[in-house]
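To start, the structure under review is shown below, and the notes come after it.
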Amino acid sequence: MSDSKLMSAREAVNLIEDGCRLFTGGWTVVRKPMGLVYELIRQGKKNLSLISNPGGPEIDLLVGAGCVSLTESNYIGHEVFGHPYSFRRKVEEGPERTGYHHDDWTVQTGALRLLAGAMGLPFMPTLSLKGSDLINPDLDPMRELRGKDPRLPKQKVAFIKDPFWEGEEVTLVPALRPDVCLIHAQEVGEQGTVRLKGGAFLDYYAAMAAKLTIVSAERIVPEDSLRDLPQANTIPAQVVHAIVEMPYGAHPTAVWGFYDNDPWWFKDYLTASKEEEGFGAWLKEWVLDLQNHDEYLAKIGLKRLMSLRADPVLGYNPKIRRRLDKLQEVN
């Protein structure tokens, strides 16, 4: 590996090992690292442990493609666009048949776990989860794996009496320390400084917690151009290990200031993914039969890509219809 952090998607994803704990940035249908996810599938990565807070089409795709053995998340889905059928199939079939396990968390505790990892702490205290079956040990779907799979904490949570004040019971949630963090950004400097616009979500904390951070971006810019307004930068170059220039690298999810969600993609994908056979045919056509991201964009077509462009003032496209049953052809 050279001193330069700039790589192709293939080179960057080649750094990711089977069986690792992988965090995907963004938020459900916003700024997901989809181009890198497609490359993960093309390279046939296996036995991944996925972490998301929350997850979207990237999780459904990786689970459906057989790349995943474990997920930890508070939500996996496509929000207003529809249901994650591949994820649902795997859960309903059960780990005995599929070898796939899922562990539910909440948005807050998932964020606290990443915060603990970013701070180098083993756990984080919280007053939430009381009364929730999420922490009922009899309902823990991972109980047979705890203490055996090193990617999982030995127990889901622990409890401690507040030693400083009134002695109230506090829940301790274990830190998340991903092996790899994948992020898609609007801009990244040549040395790795990341500038996110719109919601940053938990990407900063995930990058700080991860051992390896790979960032794809709409454009790579000179580092000097990011120093004029340093408070607008989100992630320091020191924790970024690889950068990939990838326009439309979050498609079909939205990137504020660049393009909006692609509802036509979601409509086609949801129709295909309702059944295993349809999902396999879709995956072959849109991922496995394509060599790289450029071929993917060529297949989508310039006309459709341009129809997704964001309004430069609003940051999104006000003409995009979110109701899949109300979609029209691309003008």
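Evaluate the following for R21: is it modelled with pLDDT of 95 or more and either within 30 Å of K130 (Cα to Cα) or within 11 Å of the chain's Cα centre (by Cα) (or both)? Steps first, answer last, please.
On the way: modelled with pLDDT of 95 or more: yes; either within 30 Å of K130 (Cα to Cα) or within 11 Å of the chain's Cα centre (by Cα) (or both): yes.
In short, yes.
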Among the numbered criteria (1) among the acidic types (D, E); (2) out of contact with any Asp or Glu (no Cβ under 9 Å at 6 or more places or on another chain); (3) surrounded by 23 or more Cβ atoms within 10 Å (Cβ to Cβ), which one does E79 miss?
(3)
Scan (1) outside any helix (DSSP H, G or I); (2) modelled with pLDDT of 95 or more; (3) farther than 20 Å from G35 by Cβ for the single condition R322 breaks and write down its number.
(2)
Test: residue in the stretch 212-232 that is out of contact with any strand residue (DSSP E or B) (no Cβ under 8 Å at 6 or more places or on another chain) and surrounded by 12 or more Cβ atoms within 10 Å (Cβ to Cβ)
no
How about the stretch 97-146: which of its residues are in contact with a helix residue (DSSP H, G or I) (Cβ under 6 Å, 6 or more places away or on another chain), in a helix (DSSP H, G or I) and of a type in the set (G, A, S)?
G117, A118
For the stretch 160-185, which positions are touching an Asp or Glu at 6+ places or on another chain (Cβ under 7 Å), surrounded by fewer than 12 Cβ atoms within 10 Å (Cβ to Cβ) and part of a strand (DSSP E or B)?
K161
Return yes when Y248 is crowded, with 18+ Cβ neighbours inside 10 Å, of a type outside the set (K, R) and at positive phi and no when it is not.
yes
Kindly provide the set of residues from the stretch 122-148 that are surrounded by 14 or more Cβ atoms within 10 Å (Cβ to Cβ) and of a type in the set (D, E), ordered by number.
D140
Among what's in the stretch 1-14 and is over 17 Å from the mean Cα position of the chain (by Cα) and hydrophobic (A, V, I, L, M, F, W, C), pick the residue that is surrounded by the most Cβ atoms within 10 Å (Cβ to Cβ).
M7
Selection within the stretch 128-145 - over 24 Å from the mean Cα position of the chain (by Cα) and closer than 18 Å to S69 by Cα:
R143, E144
Residue pairs within 8 Å by beta carbon, gap of at least six or interchain, first lying in the stretch 171-189 and within 14 Å of I16 (Cα to Cα), second surrounded by fewer than 24 Cβ atoms within 10 Å (Cβ to Cβ) and of a type in the set (D, E, K, R), listed first then second, are P178/R21; P178/K211; D179/E17; D179/R21; D179/K211; V180/R21; V180/K211
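Residues of the stretch 251-263 being buried (at least 19 other Cβ atoms within 10 Å of the Cβ), of a type outside the set (S, T, Y) and touching a residue at least 60 places away in the same chain (Cβ under 8 Å), which ones?
H251, P252, A254, V255, F258, D260, N261, P263
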Residue under evaluation F201, criteria (1) free of Cβ contacts under 8 Å to residues at least 60 places away in the same chain; (2) touching a Gly at 6+ places or on another chain (Cβ under 9 Å), criterion not met:
(1)
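The values are calculated or read from the model by the stated rules, or taken from the named source; none is laboratory data. None of these values were measured; they are calculated from a predicted model. Don't worry about glycine lacking a Cβ; one is built from the backbone with ideal geometry, like all the others, and counts go over all protein chains shown.
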